[in-house]
Amino acid sequence: MREIVSVQIGQCGNQIGEKFWETICIDHQIPLDGKISQQALSDPREDILKPRGKYEVYFKEIGTYGGSEVQFVPRSVLVDMEPGVLDSIRGGKLRDLFKPDHMLNGQDGSCNNWAKGYLHQGGEYIEQTMEIIRRECESCDCIQAFQLAHSVGGGTGSGFGSLLLCRLYDEFPDILLMNASVLPSTQVSDVVVEPYNTILSLAYLVDYSNGVFCIDNEALYKICMNKLKVERINYINYYSTLGGATTSLRYPGQLNSDVRKLSVNMVPFPRLHFYMTGLSPLVHDYVKPYLKNDIAEVTRDLFEPSNMLCDCDPRSGRYLTFAAIYRGQTNTREIEETIMNFQNKNSSSFVEWIPHNAKVASCDVPLKGRGLKATFIANNTSIQNILRRSRDRYFKMMKRKAFLHWYTAQGMEELQFMEAEANIVDIISEYEQYTHVPVDDDIPSEFCELEDSLEELDSGFGGL
Ligand SMILES: Nc1nc2c(ncn2[C@@H]2O[C@H](COP(=O)(O)OP(=O)(O)OP(=O)(O)O)[C@@H](O)[C@H]2O)c(=O)[nH]1
Ligand SMILES: [Mg+2]
């Protein structure tokens with residue numbers, strides 16, 4: 001079995017994480033308290049509710065006292081530097097699901113300060129967190145990935161999240177590191193120093209993560225206000241992105257894939273691993289009866305800018321690679337043909353130097369109560385617009401060094417800000433480079449030299 005260990009950090013990480021686990025329980029038919037009686041598990045009747053699919057990816061089974069029940073425990077660690085959010089999880093719908101000693105909270109918080117989350121609070125809690133993670137890994141058969149959920153705008157998710165990412169990278173170099181990272185929007189946030197936290201955190205994501213599933217609050221806000229007419233941005237669940245990406249690991253499908261294969265196929269250059277994610281269908285309930293919900297319609301919507309969880313238009317950039325993962329009754333040939341037609345009609349949107357840049361996976365088991373649904377994961381160069389937006393906001397404050405004293409007081413040096421910013425500027429220009437330059441014009445010089453020397457050799461033989 002190839003397991004995934006989830007870590008959720010800070011307020012945002014834990015709030016979106018709680019929703020994630022609720023949905024994954026529903027998807028695998030595991031009750032929200034994680035308990036199923038032995039009798040129900042051994043009952044051969046189809047109508048008895050039992051876990052379905054490869055739930056072991058996200059859950060481990062523990063027999064409870066007396067052996068009459070089995071407890072399904074999420075492979076999850078919950079960390080926050082303040083007690084509020086974890087307390088509300090302890091008293092909420094999932095109060096009996098998580099292992100109590102996997103919920104670690106401090107009292108003081110990181111005060112929206114990356115430096116506090118990384119240096120001060122980080123130093124205090126990192127060893128305990130790593131110890132829980134090590135134990136969790138020991139209980140796995142063959143762990144495939146870590147999945148980290150956090151925001152980059154606060155102090156804990158960004159600062160402690162960066163430290164943890166770095167430690168996991170050092171200690172588990174063979175295990176994939178996937179981040180579900182929430183990027184800030186001025187529409188839904190009151191954190192003034194967010195631009196600093198974001199740039200510092202993004203620089204770590206560039207260097208240490210293997211894949212960042214970007215969840216942009218700016219896009220969530222627009223989708224919720226304009227499309228779904230709801231006010232809570234958490235209405236859109238991050239299950240849709242990582243749950244989609246891990247579908248093939250959790251259910252047998254027509255075309256198989258797993259997160260490592262996905263990563264190999266999605267990332268042509270190691271630093272360019274910021275994914276734009278999208279969903280289809282993504283409509284208000286009153287529109288649903290008017291949908292055909294067939295492959296053609298779901299696929300068409302999948303490429304729509306308004307279905308992306310990132311506020312950037314994929315048409316303003318080019319697709320390096322992308323993956324489409326379908327849930328529900330599908331036909332692989334039809335999916336492939338539909339996608340190929342779209343690519344042929346919009347060929348300028350796809351880089352021509354990666355000939356097979358689409359990865360498609362499908363799973364016949366639908367999400368409970370849903371029709372056909374698809375998740376889109378794209379490595380599109382327009383993601384640079386989000387990075388640019390973050391950098392511009394950072395630059396305005398940094399020009400006057402506003403609020404910088406909060407960071408230097410924690411022991412940070414200005415140089416660290418400069419280095420992080422330079423890293424982001426570099427990655428923006430790397431994405432920019434692949435937006436415009438046709439690669440034919442850009443043949444590396446060593447190839448040109450090789451061609452010249454072959455020609456010389458040719459003419460030398462001619463003279464003999
Ligand atoms: N999408 C989404 N964004 C959230 C949520 N909660 C907070 N955020 C965003 O996260 C950023 C603030 O980070 P938090 O996660 O609250 O901060 P934290 O990691 O707990 O760090 P500190 O509280 O500063 O120690 C802002 O950009 C918020 O808009 C949530 O439940 N969903
Ligand atoms: Mg917090």
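The values are calculated or read from the model by the stated rules, or taken from the named source; none is laboratory data. Remember, predicted model here, so these are calculated numbers, not experimental data. Using ideal geometry, Cβ is built from the backbone for each residue, glycine included, and neighbour counts are taken over all protein chains shown.
Tabulated values for the structure
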{"quantity": "Those residues of the range 411-422 which are in contact (Cβ under 8 Å) with a residue 40 or more places away in the chain and either within 16 Å of MET397 (Cα to Cα) or surrounded by fewer than 19 Cβ atoms within 10 Å (Cβ to Cβ) (or both), in sequence order", "calculated": "GLY411, GLN416, PHE417, GLU419, ALA420, GLU421"}
{"quantity": "Sole exception among (1) touching an Asp or Glu at 6+ places or on another chain (Cβ under 8 Å); (2) of a type outside the set (A, V, I, L, M, F, W, C); (3) more than 23 Å from ALA180 (Cα to Cα) for GLN384, by number", "calculated": "(3)"}
{"quantity": "Some residue of the range 277-284 being farther than 28 Å from THR186 by Cβ, without any contact (Cβ under 8 Å) to a residue 60 or more places away in the chain and out of contact with any Gly (no Cβ under 7 Å at 6 or more places or on another chain)", "calculated": "no"}
{"quantity": "Qualifying residues in the range 71-119 (those that are within 12 Å of ligand 2 (Cβ to nearest atom) and hydrophobic (A, V, I, L, M, F, W, C)) - the one farthest from GLU61 (Cα to Cα)", "calculated": "CYS111"}
{"quantity": "SER248 vs. criteria away from ligand 2 (no atom under 16 Å from the Cβ), of a type in the set (S, T, N, Q) and in contact with a Ser or Thr (Cβ under 7 Å, 6 or more places away or on another chain)", "calculated": "yes"}
{"quantity": "The range 121-148 residues that are more than 14 Å from VAL77 (Cβ to Cβ), paired with ones that are buried (at least 20 other Cβ atoms within 10 Å of the Cβ) and of a type in the set (Phe, Trp, Tyr) (beta carbon under 7 Å, 6 or more apart)", "calculated": "GLN121/PHE160; GLY122/PHE160"}
{"quantity": "Residues satisfying the stated conditions in the range 24-57, i.e. among the polar types (S, T, N, Q), out of contact with any strand residue (DSSP E or B) (no Cβ under 7 Å at 6 or more places or on another chain) and at negative phi", "calculated": "GLN39, SER42"}
{"quantity": "Extreme residue, farthest from ligand 2 (Cβ to nearest atom), among residues of the range 139-154 that are of a type outside the set (A, V, I, L, M, F, W, C) and modelled with pLDDT of 95 or more", "calculated": "GLN147"}
{"quantity": "Number of the exception - LEU249 against (1) closer than 20 Å to ILE325 by Cβ; (2) under 15 Å from the mean Cα position of the chain (by Cα)", "calculated": "(2)"}
{"quantity": "Subset of the range 16-43 (residues that are under 30 Å from SER201 (Cα atoms) and more than 16 Å from ligand 1 (Cβ to nearest atom))", "calculated": "ILE24"}
{"quantity": "Selected residue (criterion: surrounded by the most Cβ atoms within 10 Å (Cβ to Cβ)) from residues of the range 81-112 that are within 11 Å of ligand 1 (Cβ to nearest atom) and over 23 Å from the mean Cα position of the chain (by Cα)", "calculated": "SER110"}
{"quantity": "Considering residues of the range 217-250 that are over 23 Å from ASP313 (Cβ atoms) and among the charged types (D, E, K, R) only, the residue modelled with the highest pLDDT", "calculated": "ARG250"}
{"quantity": "Test result for LEU168, modelled with pLDDT of 95 or more and more than 16 Å from ligand 2 (Cβ to nearest atom)", "calculated": "yes"}
{"quantity": "Residue within the range 169-191 that is touching a residue at least 40 places away in the same chain (Cβ under 8 Å), near ligand 1 (Cβ under 9 Å from one of its atoms) and on the phi > 0 side of the Ramachandran plot present", "calculated": "no"}
{"quantity": "Which listed residue is more than 25 Å from the chain's Cα centre (by Cα), surrounded by fewer than 14 Cβ atoms within 10 Å (Cβ to Cβ) and within 16 Å of ligand 1 (Cβ to nearest atom), from GLU124, GLU46", "calculated": "GLU124"}
{"quantity": "Subset tally (residues that are near ligand 1 (Cβ under 10 Å from one of its atoms) and either under 16 Å from the mean Cα position of the chain (by Cα) or in contact (Cβ under 8 Å) with a residue 60 or more places away in the chain (or both)) for the range 154-164", "calculated": "7"}
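Yes/no matrix, rows are residues, columns are (1) under 19 Å from GLU136 (Cα atoms); (2) surrounded by 15 or more Cβ atoms within 10 Å (Cβ to Cβ); (3) within 16 Å of ligand 1 (Cβ to nearest atom):
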| position | (1), (2), (3) |
| --- | --- |
| ASN14 | yes, yes, yes |
| ARG52 | no, no, no |
| GLU56 | yes, yes, no |
| GLY117 | no, yes, yes |
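Rundown of residues vs (1) in contact with a Phe, Trp or Tyr (Cβ under 7 Å, 6 or more places away or on another chain); (2) more than 23 Å from VAL152 (Cα to Cα); (3) without any contact (Cβ under 8 Å) to a residue 12 or more places away in the chain; (4) not acidic (Asp, Glu), yes/no style:
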| site | (1), (2), (3), (4) |
| --- | --- |
| ILE4 | yes, no, no, yes |
| GLN8 | no, no, no, yes |
| GLN11 | no, no, no, yes |
| GLY17 | no, no, no, yes |
| ILE24 | yes, yes, no, yes |
| ILE30 | yes, yes, no, yes |
| LYS35 | no, yes, no, yes |
| SER42 | no, yes, yes, yes |
